[in-house]
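Report on the following structure.
The values are calculated or read from the model by the stated rules, or taken from the named source; none is laboratory data. Keep in mind that what you see is a predicted model, and the values were worked out from it rather than measured. All Cβ positions, even for glycine, are placed from backbone atoms using ideal geometry, and neighbour counts span all protein chains on display. SASA here: full protein model, heavy atoms, side chains in, ligands and nucleic acids out. Shrake-Rupley method; radii C 1.70, N 1.55, O 1.52, S 1.80 Å.
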Amino acid sequence: MKIAVEGCCHGELDKIYETIAYLEQKEGIKVDLLLCCGDFQAVRNEGDMKCMAIPPKYRSIQTFYKYYSGEKKAPVLTIFIGGNHEASNHLQELSYGGWVAPNIYYLGYAGVIRYKGIRIGGASGIFKSYDFRKGHFEYPPYNPESLRTVYHIRNIDVFKLKQIQMPMDIFMSHDWPQGIYHFGDTETLLKKKKFLRQEVEFNTLGSPAAEELLSHLQPNYWFSAHLHVKFAAVMQHPAKGNSPPRVTKFLSLDKCLPHRDFLQILDIPDRPDSSEDGLEYDPEWLAILKSTNSLQSTSRQLWNCPENNGLHEKWDFRVSEDDMMQVVEDLGGKLSIPNNFSPTLPAYDPANPQPHMSPSYNINPQTTELCATLGLTDIYALVGQGRGELGQSFGDSRGEEDEAHGVESGDEPSEYPTDTSALSSSFNPDEITLEDEWEEEVEEVKNLKDFTKPPASGGIHTPNRLILPEPKSLTSPSGTSDFMNMPPPSHSTPAPIHSQTQNESLDDSNNGDTSAVRVLKRSSDEGVNPRRCGTTPLIKRRNQDIYTTVDDDEN
């Protein structure tokens, strides 16, 4: 099957679908699925625009509302994750995932689903250490702080993903896994993005939480965006137990603009005996949601996930085959995700604009139905009702004390030794402001007017064939020369649960060289990065989070 991968969408659905249609006609192919790696901007109306962390003068309704209202229907089944520029009130309605429009599916804060036997997972948002251990406490109307914290990834969502034991085919994150740039053509990357050099050299670029997930999940493919550049890498993981080492092929893409590498089409072998059409729930993931439901929090207090340290009666939340069979029974034996999209707000009407519309808070019936079926808690409904907090018994007492003394969350030490949140006060002569970045983008679109022409006119720049060039691998493992070939499936029932580390060996379908390879490692010294040496001051890169507001950097 053909899977199209797209970087930052920024609401340009019309352009993305037009480009796919152009490529289908030009190459004589049919794209089965589109994956979007964040900054989707599912804006329904003017109220939603006020829920995006974007300067007011650059807020634009874009084209999603047409697909939400039914004026248009997505011509390709689309799956996406959230980034740091989203209509957050809309996505919060679907914390466990759901349809934002017919044929357009959101994976939620974190999620795993299946399409024709291919297992696809993702995590929304970007990493910020000072919000990582908080609950999902935000709800509209957002204040200037919560407008940004709402899209910061939380440890509970990472913890859920770390309970997965069955092999993962595809995983998506908005920001990059930290260290992944060492496994591709790093010098070419730094020629394109010179301001990233210092972070690459000190190994502080990207998300340490995503790096941890990469090490645990070891998916066949990992797709990202956020940095607005195309970059490919191949990473061979160390072998676990008697299993052969697995290989992850990483690809990041640009934002949707003319003459930019924002789209890539991959050939994925069809799975035998797979569902013919439509999306399916993943039994292991739904069982994990049930297992971890009591751990969820709507609190600002800092909280640590249960570990094998005696602080909690249970720390292993992996699920058994019986747990998965119970989920299938809960669903009535049907894993197909129902096409139960229903609008929760009126869509934007160009003939009757409402510029003063306020952000709205709504409960989505898709989430209500899933929660009722599986016995889950709709945390967005809970926080909106102001009914207190979940999981208080698992909270970190330091969080309560800090709030009582007015200590900002940014003062809390990160659990990751590569945290860079404290570097925001350093001086970078190449840095540009958020407004400058948006000015640059608007000016670029203005100067490239041919982007608005129909695809047949040749206005959209595409290579003759969208085949990913062979990425550089530091180890050149065997069997990875063709980036387009996906390893055969290996979806087996997980081994019985043992009271050991969560990183037990996974069944693997990749074959590779078992010789010594370079792998991502984190220092064992808490709070210390051994790669930081000398007295050279660390400076943040130009526009560190691409469109992140100034408040984020100041924190």
Residue pairs meeting the criteria (Cβ under 6 Å; at least 6 apart or on separate chains; first within 22 Å of residue 100 (Cβ to Cβ), in region 316-340; second assigned to a helix (DSSP H, G or I) and open to solvent by less than 60 Å² (accessible area, probe 1.4 Å)): 340/366
Residue within region 266-280 that is in contact with a Leu (Cβ under 7 Å, 6 or more places away or on another chain) and part of a strand (DSSP E or B) present: yes
From the options 29, 54, residue that is more than 30 Å from residue 115 (Cα to Cα) and surrounded by fewer than 23 Cβ atoms within 10 Å (Cβ to Cβ): 54
Residues satisfying the stated conditions in region 32-51, i.e. surrounded by fewer than 20 Cβ atoms within 10 Å (Cβ to Cβ) and part of a helix (DSSP H, G or I): 46
Conditions (1) in a loop (DSSP other than H, G, I, E, B); (2) among the hydrophobic types (A, V, I, L, M, F, W, C); (3) open to solvent by 70 Å² or more (accessible area, probe 1.4 Å): number failed by residue 319: (3)
Of residues in region 236-270 being under 19 Å from the mean Cα position of the chain (by Cα) and within 17 Å of residue 178 (Cα to Cα), the one surrounded by the most Cβ atoms within 10 Å (Cβ to Cβ): 252
Qualifying position, being open to solvent by less than 10 Å² (accessible area, probe 1.4 Å), closer than 21 Å to residue 7 by Cβ and touching a residue at least 24 places away in the same chain (Cβ under 8 Å), among 125, 108: 125
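Here's the yes/no breakdown for (1) of a type in the set (Phe, Trp, Tyr); (2) at pLDDT 95 or above; (3) touching an Asp or Glu at 6+ places or on another chain (Cβ under 9 Å):
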| residue | (1), (2), (3) |
| --- | --- |
| 338 | no, yes, yes |
| 341 | yes, yes, no |
| 348 | yes, yes, yes |
| 367 | no, yes, yes |
| 375 | no, yes, yes |
| 380 | yes, yes, yes |
| 385 | no, no, no |
| 391 | no, no, no |
Hits in region 349-384 (condition: under 18 Å from residue 59 (Cα atoms) and open to solvent by 50 Å² or more (accessible area, probe 1.4 Å)): 349, 350, 352, 353, 354, 355, 356, 357, 358
Selection status of residue 340, under 24 Å from the mean Cα position of the chain (by Cα) and exposed (fewer than 14 other Cβ atoms within 10 Å of the Cβ): yes
Within region 144-215, helices (runs of 4 or more DSSP H) holding 3 or more residues that are within 15 Å of residue 125 (Cα to Cα) and open to solvent by less than 10 Å² (accessible area, probe 1.4 Å): 155-161
Which numbered condition residue 284 misses (of (1) open to solvent by less than 30 Å² (accessible area, probe 1.4 Å); (2) at pLDDT 95 or above; (3) more than 26 Å from residue 38 (Cβ to Cβ); (4) under 23 Å from the mean Cα position of the chain (by Cα)): (3)
Region 364-387, subset part of a loop (DSSP other than H, G, I, E, B) and under 23 Å from the mean Cα position of the chain (by Cα), residue nearest to residue 50 (Cα to Cα): 364
Some residue of region 72-81 being hydroxyl-bearing (Ser, Thr, Tyr), more than 17 Å from the chain's Cα centre (by Cα) and buried (at least 24 other Cβ atoms within 10 Å of the Cβ): no
Selection count where residues are open to solvent by 50 Å² or more (accessible area, probe 1.4 Å) and under 19 Å from residue 223 (Cβ atoms), scope region 7-26: 0
Failed condition for residue 60, given (1) open to solvent by 10 Å² or more (accessible area, probe 1.4 Å); (2) over 22 Å from residue 225 (Cα atoms); (3) of a type in the set (Gly, Ala, Ser): (2)
